[in-house]
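To keep things clear, I will list the structure first and then write my remarks on it.
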Amino acid sequence: MAVKDIMDALREASVDNTKLTELIKDIKLIGSSLEVVYRLPKKELEEEIRRKTYQALENLPDVKNVNIRFVEGVPEVPPAFGQPAFTRRRVEGVKHLIAVGSGKGGVGKSTVAANLAVALSKLGYQVGLLDADIYGPSIPTLFGVKGERVHVDERNRLIPIEKYGIKILSIGFLLPSEDTPVIWRGPMLMKALTQFLFDVNWGNLDYLVLDLPPGTGDVQLTLAQNVDMTGAIVVTTPQDVALADVKKATAMFKEVNVPVLGVIENMAYFICPESGNKYYVFGKGKVLEFVRAYQLQVLGSIPMDPQVAETSDTGMPITLTNPESEVSKAFYAIAKLVSERILRR
Ligand SMILES: Nc1ncnc2c1ncn2[C@@H]1O[C@H](COP(=O)(O)OP(=O)(O)OP(=O)(O)O)[C@@H](O)[C@H]1O
Ligand SMILES: [Mg+2]
């Protein structure tokens, strides 16, 4: 027996054209005892609400005691269609916050976030990079700042580490050692993440790039709902397995009204170093099909290049070590496109 079953039962009953569930302010099930607190729109409805609640729960033998309480007040007005039901907080000093996400793990989010940050910075912007992947932070490795420690300023705000002109912050800087598992859950996790965004001395940034963890769980949703973002960039590889999850991520952003700035197709093809021929290892056209169906745009396609992984391990993104490579050119083009697109809005 779960609260959900009770809600399902109560949804069937209504008073004064209002479903009982719409009047619930609080509901708690402890063992077989249920406590429901209703908002009471009109005093004279009290008896009817009681009666209908008992009736609705009659077929749920696991609920033995029902305690009904009322608080006065009209039901909250649901938000108008398309309007977020929450207020989003701005990150102080940050003009544009861009989240890099994907429903799928291992498609290259961190690689994209890192190289996009570098490319934007090379275009002359002030750039920050936040590693929001608190379970598997990889930004410190990509920038060769693993093991660094952060300090706080006079206002008790975290001071990001600066590398290659980019202000970087990662949970990795706060963990005692690389092997320390992060076991934060729920509210504690959210508190840590919020602190990582808001209690930071970012200075003045044109762009703050957010490297999201894989998936569409609580972390992604909470961030998307509570933070004022300019938009999200979705990273995918041209495989069906990746696209299936990427579609979920896209739907999540849409649902919480975070504009999707576009899609980056990573590992799109491989250029044979000998022949110069392009090979579409994972197939061709799948990403285009997806963006059309979702009315999105491809921001760019990044080829597969062993150098990407090599440079990652040396702590310098490929956009710095080899700016003339196909991969780097693609990232620079994407950075230009993203900044132009944001400026035009
Ligand atoms: N275009 C590319 N060419 C070759 N290797 C790549 C490319 N993009 C990413 N990689 C490699 O693929 C691996 C996964 O990339 P990355 O860590 O950026 O993915 P991620 O989506 O952030 O993963 P996670 O879901 O674990 O956070 C890394 O080893 C990276 O170096
Ligand atoms: Mg990552």
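The values are calculated or read from the model by the stated rules, or taken from the named source; none is laboratory data. A quick note: this is a predicted structure, and the numbers were derived from the prediction, not measured. In this analysis, Cβ positions are derived from the backbone assuming ideal geometry, glycine residues included, and neighbour counts consider all displayed protein chains. Surface accessibility is based on the protein's heavy atoms, side chains included, excluding ligands, DNA and RNA. Shrake-Rupley method; radii C 1.70, N 1.55, O 1.52, S 1.80 Å.
Extension gain, residue 46-residue 345: 0.36 nm per intervening residue step, less the Cα-Cα distance, totals 102.5 nm. Ligands, DNA and RNA excluded, the heavy atoms of residue 190 present near 40 Å² of accessible surface to a 1.4 Å solvent probe.
Placing unit charges on the Cβ atoms of the charged side chains and taking the dipole of the chain about its Cα centre, the candidate lying farthest along the positive direction among 103, 318, 232 is 232. With viscosity 1.002 mPa s and temperature 20 °C, the Kirkwood radius over alpha carbon pairs of the stretch 149-290 converts through Stokes-Einstein to a diffusion coefficient of 120 µm²/s.
Please work out the average accessible area per residue across the chain, using the 1.4 Å probe convention, and give it in Å².
Heavy-atom SASA per residue in the chain reads 50 Å².
Using packing as a proxy for protection, rank 271-283, 299-311 so that the peptide with the highest average count of other Cβ atoms within 10 Å comes first.
Those peptides, ordered most packed to least, come out 299-311, 271-283.
Applying a threshold of 28 Å to the alpha-carbon distances of 109/284; 109/254; 109/191; 163/286; 278/329; 95/163 flags 163/286 as lying beyond it. When each of the peptides 216-228, 10-22 is scored by how many other beta carbons lie within 10 Å of its residues on average, the order from highest to lowest is 216-228, 10-22. Highest average first, the peptides 233-245, 110-122 ordered by how many other beta carbon atoms sit within 10 Å of their residues are 110-122, 233-245. Cα-based radius of gyration for the stretch 236-293, normalised by 2.2 N^0.38 Å, reads 1.33. The lysine pair tally for the stretch 3-72, using Cα distances under 20 Å and a gap of 8 or more places or different chains, is 17. Averaging the Cα positions of each part gives two centres, and for the stretch 24-57 and the stretch 267-303 these lie 56 Å apart.
Using the Karplus relation 6.51 cos²θ - 1.76 cosθ + 1.60 with θ = phi - 60°, the per-residue 3J(HN,Hα) values for the stretch 21-32 come to 4, 6, 9, 6, 9, 7, 9, 9, 10, 10, x, 9 Hz, with x marking Gly and Pro.
Which residue, 36, 94, 287, tops the fluctuation ranking in a GNM of the chain built on C-alpha contacts under 10 Å? Result: 36 has the largest fluctuation of those listed.
Accessible surface for residue 151 stands near 130 Å², nearest 10, in the context of the full protein assembly shown (1.4 Å probe).
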